[in-house]
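Here the structure is laid out as structure tokens; the discussion comes afterwards.
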Amino acid sequence: MRIGIDARMWGEKQTGIGLYIENLTRYLLKIDKQNQYVLFLKKDFFHSLVFSEQNVKKVLADYHWYSYGEQLFLPRVLKKEKLDMAHFPNFNAPIFYNGKKIVTIHDLTTHNFPGHRSNSGWRKFAFRRVFKNSIEKSDKVIAVSETTKNQIVKDYNIADSKIKVVYGGLPNRNYESRIMNYEKDSEDFLSKRGITKSYIFFTGVWRKHKNIVNLIKAFAILRDKYEKDIQLVLGGQEDEFYNEPRKVLAELKLGGDVIIPGFIPKNEMPIFFANASVFAFPSFMEGFGFAPLEAMSYGVPCAVSDISALKESCGEAASYFDPHSPEDMAGKIALLLNDENLRKNLIQKGLKNIAKYDWTKCAAETLRVYESVL
């Protein structure tokens, strides 16, 4: 088979979709030497990406996602490669591509929290149209969780049998675990960034559905009501169109105890995770939510939203709070900070829980989906 993978989001600041594309591709190439893979890439990573495998080809497709070029010109590039099947690792498959295809749906967040880019009537219509077309015209749909699958079936009336749930994996811990042993280096590294106390860690995109505002309010309650001398570290690239967190920070006058390091490079992320006292993930909506699992892999107890996607991924290995209630959020985090037995229990459960999420398994199951289509 000649399989195309739309890899234009490869390395896109280590977002969930970018990491999914990178890891899935690398592990597919490890386990599959029979099929030929064609990767369609933007120019940002086209020349820097080098593969030792012989069954992979790079093709330049420098069209930004969610653009007219993606819809109008990408189909021509795909057709030229005479693919047996194309895999679109996000919902934005070109409407005018008529070859066999599989699409991965990570979540339906844009339906409920569209963001500034799709907030206009036209943008909303276009997103919905592309989403609907991708699901209906694909030969198979991969969902990253049962939660996402159920939402697709409910919202789009798609046959249950057309959708296959394939969980993603976690990064290999060999390299990161070495970093965890560099305690002095970690202390120096963190102090240079203003982190001088025990801290609660969050990382993710700064958008409304991530509920950063209520996390900040919960942190204020932790300081005032529970008298916790602790810091809050909010990782992730800020969105200039989402300024509510900055407004709340200014109103609550939290000073230097809220640290905003901005986008955290991949090689630095282990230090932020490994040294956190608690990882907090307050999202209103997720398709799956891998960040808490990554925290678990570093032996960090997690407090997360009481929503179906996080219940599915975290199971009994996390403490759950009402994301709409800063009071409840603060109370659950305070309990994790105070109760050493609870911390140890969740850490042990977390290390068992993450064993379910493996990129080799993800690649093997995805390959079986490919084979079922062809």
### Summary
Over the stretch 255-287, the set of residues in a loop (DSSP other than H, G, I, E, B), modelled with pLDDT of 90 or more, over 28 Å from T148 (Cα atoms) and open to solvent by less than 50 Å² (accessible area, probe 1.4 Å) is A276, S277
### Task
Among the residues of the stretch 93-114, write down those that are farther than 22 Å from L41 by Cβ, part of a loop (DSSP other than H, G, I, E, B) and open to solvent by 10 Å² or more (accessible area, probe 1.4 Å).
N98, D107, F113, P114
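If you check K356, K352, K332, K361, which single one turns out to be at negative phi, of a type in the set (K, R) and surrounded by 19 or more Cβ atoms within 10 Å (Cβ to Cβ)? Show your work before the answer.
Numbers: K356 fails: surrounded by 19 or more Cβ atoms within 10 Å (Cβ to Cβ); K352 fails: surrounded by 19 or more Cβ atoms within 10 Å (Cβ to Cβ); K361 fails: surrounded by 19 or more Cβ atoms within 10 Å (Cβ to Cβ).
Being at negative phi, of a type in the set (K, R) and surrounded by 19 or more Cβ atoms within 10 Å (Cβ to Cβ) holds for just one of K356, K352, K332, K361, which is K332.
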### Message
Given the criteria over 21 Å from V205 (Cα atoms), in contact (Cβ under 8 Å) with a residue 40 or more places away in the chain, not in a strand (DSSP E or B) and not acidic (D, E), does S313 qualify?
### Response
no
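Could you look through the stretch 174-193, keep only residues that are over 27 Å from G16 (Cβ atoms) and either in a loop (DSSP other than H, G, I, E, B) or open to solvent by 70 Å² or more (accessible area, probe 1.4 Å) (or both), and pick out the one that is modelled with the highest pLDDT? Don't jump to the end; show me each part of the working.
Narrowing the stretch 174-193 to residues over 27 Å from G16 (Cβ atoms): 181-185, 187-188, 191-192.
Going one step further and asking which of them are either in a loop (DSSP other than H, G, I, E, B) or open to solvent by 70 Å² or more (accessible area, probe 1.4 Å) (or both), we end up with 181-185, 187, 192.
Working: N181: 53, Y182: 47, E183: 51, K184: 49, D185: 64, E187: 82, K192: 90.
By that ranking, first place goes to K192.
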### Query
Being touching a helix residue (DSSP H, G or I) at 6+ places or on another chain (Cβ under 6 Å), farther than 23 Å from S313 by Cβ and not polar (S, T, N, Q), is that true of even one residue in the stretch 262-275?
yes
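Yes or no: the stretch 115-135 includes at least one residue that is modelled with pLDDT of 95 or more and more than 19 Å from the chain's Cα centre (by Cα). I'd like the intermediate steps shown before the answer.
Step one: filter the stretch 115-135 for residues modelled with pLDDT of 95 or more, giving none.
So far as the stretch 115-135 goes, no, none of its residues is modelled with pLDDT of 95 or more and more than 19 Å from the chain's Cα centre (by Cα).
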### Task
Output the residue which, of all residues in the stretch 3-33 that are assigned to a helix (DSSP H, G or I) and within 12 Å of the chain's Cα centre (by Cα), is farthest from V77 (Cα to Cα).
G16
### Query
Do we find that Y320 is assigned to a strand (DSSP E or B), surrounded by 16 or more Cβ atoms within 10 Å (Cβ to Cβ), of a type in the set (F, W, Y) and modelled with pLDDT of 95 or more in this structure?
yes
## Note on the structure
Apart from one, (1) buried (at least 22 other Cβ atoms within 10 Å of the Cβ); (2) of a type in the set (V, I, T); (3) assigned to a helix (DSSP H, G or I) all hold for I347; the odd one out is (1)
#### Entry: Matching option when the condition is more than 19 Å from L336 (Cβ to Cβ), open to solvent by less than 20 Å² (accessible area, probe 1.4 Å), part of a helix (DSSP H, G or I) and of a type outside the set (S, T, N, Q), among P245, P292
P245
### Message
Can you report the number of residues in the stretch 201-242 which are of a type in the set (A, V, I, L, M, F, W, C), closer than 25 Å to T109 by Cβ, over 19 Å from the mean Cα position of the chain (by Cα) and not in a helix (DSSP H, G or I)?
### Response
2
### Query
On the given criteria, is L232 surrounded by 16 or more Cβ atoms within 10 Å (Cβ to Cβ) and touching a helix residue (DSSP H, G or I) at 6+ places or on another chain (Cβ under 6 Å)?
yes
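Might you check whether a residue that is within 14 Å of A93 (Cβ to Cβ) and either open to solvent by 70 Å² or more (accessible area, probe 1.4 Å) or touching a Phe, Trp or Tyr at 6+ places or on another chain (Cβ under 7 Å) (or both) occurs anywhere in the stretch 24-33? Break it down into steps so the answer makes sense when it comes.
Initial filter on the stretch 24-33 (within 14 Å of A93 (Cβ to Cβ)): none.
Checked against the condition, which is being within 14 Å of A93 (Cβ to Cβ) and either open to solvent by 70 Å² or more (accessible area, probe 1.4 Å) or touching a Phe, Trp or Tyr at 6+ places or on another chain (Cβ under 7 Å) (or both), the stretch 24-33 yields no hits at all.
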#### Entry: Pairs, first without any contact (Cβ under 8 Å) to a residue 24 or more places away in the chain in the stretch 92-104, second surrounded by 24 or more Cβ atoms within 10 Å (Cβ to Cβ) and assigned to a strand (DSSP E or B), C-beta under 8 Å, six or more apart
Y97/A86; G99/A86
### Task
Please state which of the following conditions N90 fails to meet, knowing it meets all the rest: (1) open to solvent by less than 70 Å² (accessible area, probe 1.4 Å); (2) within 17 Å of K101 (Cβ to Cβ); (3) not in a loop (DSSP other than H, G, I, E, B).
(3)
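The values are calculated or read from the model by the stated rules, or taken from the named source; none is laboratory data. All values reported here derive from a predicted model rather than from experimental measurement. Note: ideal-geometry Cβ built from the backbone for every residue, glycine included; neighbour counts use all protein chains shown. Protein only, heavy atoms only, side chains kept; ligands, DNA and RNA dropped before computing areas. Shrake-Rupley method; radii C 1.70, N 1.55, O 1.52, S 1.80 Å.
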